[in-house]
Amino acid sequence: MNNLAPTHSTWDDWGAGWIPADCKSMVQGAGFSPDDIIPFNIHYDDCAQSWTFCRHKNSPLSEIQILDIFGRLPVRMRQFVRHLVFVPGNKSAGSNGDNVLMVGDVDVTVFAHEIGHSLDSHAFDPSYGVPFSTGNVWVSNYNLDSAVPDPYAQSSQQENFAQQTVVSIYDKVVPGGIGTIQPNWQAIFHQYATLEGYIGNVIIPGGTCTHRLTDSAPVTMSGSKKSRRALGPKPKVSLSPKVKEIEAIPMESSITMTSFDEHGKPNGTYVVHL
């Protein structure tokens, strides 16, 4: 992470008693109460549009840590994700509808992997396939290689692409590239080189955001009379005129979560039903 510079930011809480609809759905699906969630806005200097994230009060990642980790990723990559949701539990993560559910003390590689799924759907010319990982350009180059980054990447081309996103960022931002930690880099070269070549500067630090997803609609955290009396002004979710709107991927009825061991290696999956 030292090779990814932090981005200056500020943050503030969302309207009292309100939560983005997608956050609420993911929080409840994970078995938590929306009343224990703190939605907050993050304002980065490199984007005219803020992000709205949702953090459970007992998440091991603080707001400051979340701001720092997310802000180190290239802004042209960050712009393709909507809400990130952080809850306590055993380390795991999954994406749905351009939102990401983060459980436990996840690191920057997990952030990059999960956002990679949104890149797969949004960051390429659609003529190459949507997601990109299903198209001929990706599959034909995959067939030229003899390996994938790790066993988890064998589960599907979508997971392979997301893992290759992590590889490609490392290759671009760390002096010497992926060969400094992977002597067998030639075995996956056509895959990460294809990602790097077709995605362009999206995974390169610098620049500003040009596109964004509109936040999901504000809904009340709870239907109780007490909660309704404590409601603050309803948050506005319109986009800044300085960015173009990205059409979001519709939320599905479940999220396939990837769990990680103490070393950060994927070690299984489970399903969260929304």
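The values are calculated or read from the model by the stated rules, or taken from the named source; none is laboratory data. Because the structure is predicted, anything quoted here is derived from the model rather than measured. Glycine gets a Cβ as well: all are built from the backbone with ideal geometry, and neighbour counts include every protein chain shown.
Summary of computed values
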quantity	calculated
Counted residues, segment 24-44 - those being assigned to a helix (DSSP H, G or I) and either over 20 Å from residue 92 (Cα atoms) or modelled with pLDDT under 95 (or both)	1
Criterion: surrounded by 13 or more Cβ atoms within 10 Å (Cβ to Cβ), touching a residue at least 40 places away in the same chain (Cβ under 8 Å) and within 30 Å of residue 90 (Cβ to Cβ) - qualifying residue of 249, 178, 204	249
Residue in segment 151-161 that is of a type in the set (A, V, I, L, M), out of contact with any strand residue (DSSP E or B) (no Cβ under 8 Å at 6 or more places or on another chain), within 25 Å of residue 250 (Cα to Cα) and in contact (Cβ under 8 Å) with a residue 12 or more places away in the chain present	no
Hits in segment 128-137 - residues which are surrounded by 12 or more Cβ atoms within 10 Å (Cβ to Cβ) and over 21 Å from the mean Cα position of the chain (by Cα)	128, 135, 137
When residues of segment 234-274 are limited to those that are among the hydroxyl-bearing types (Ser, Thr, Tyr) and closer than 25 Å to residue 42 by Cβ, the one nearest to the chain's Cα centre (by Cα)	258
Helices (runs of 4 or more DSSP H) fully within segment 53-150 counting 2 or more residues that are closer than 24 Å to residue 253 by Cα and in contact with a Phe, Trp or Tyr (Cβ under 8 Å, 6 or more places away or on another chain)	108-122
Criterion: more than 17 Å from the chain's Cα centre (by Cα), surrounded by fewer than 23 Cβ atoms within 10 Å (Cβ to Cβ) and either polar (S, T, N, Q) or at positive phi (or both) - qualifying residue of 3, 41	3
Residue list for segment 243-274, filter: over 16 Å from residue 159 (Cβ atoms) and of a type in the set (Lys, Arg)	244
Residue that is of a type in the set (Lys, Arg) and touching a Leu at 6+ places or on another chain (Cβ under 7 Å), where the choices are 55, 76, 72	72
Count of residues meeting criterion [closer than 21 Å to residue 260 by Cβ and over 16 Å from the mean Cα position of the chain (by Cα)] in segment 169-178	2
Among the residues listed as 108, 81, 85, the single one being surrounded by fewer than 21 Cβ atoms within 10 Å (Cβ to Cβ), within 12 Å of the chain's Cα centre (by Cα), in contact (Cβ under 8 Å) with a residue 24 or more places away in the chain and within 22 Å of residue 10 (Cβ to Cβ)	108
Residue ID - surrounded by the most Cβ atoms within 10 Å (Cβ to Cβ), chosen from residues in segment 181-201 that are within 30 Å of residue 242 (Cα to Cα) and touching a residue at least 24 places away in the same chain (Cβ under 8 Å)	195
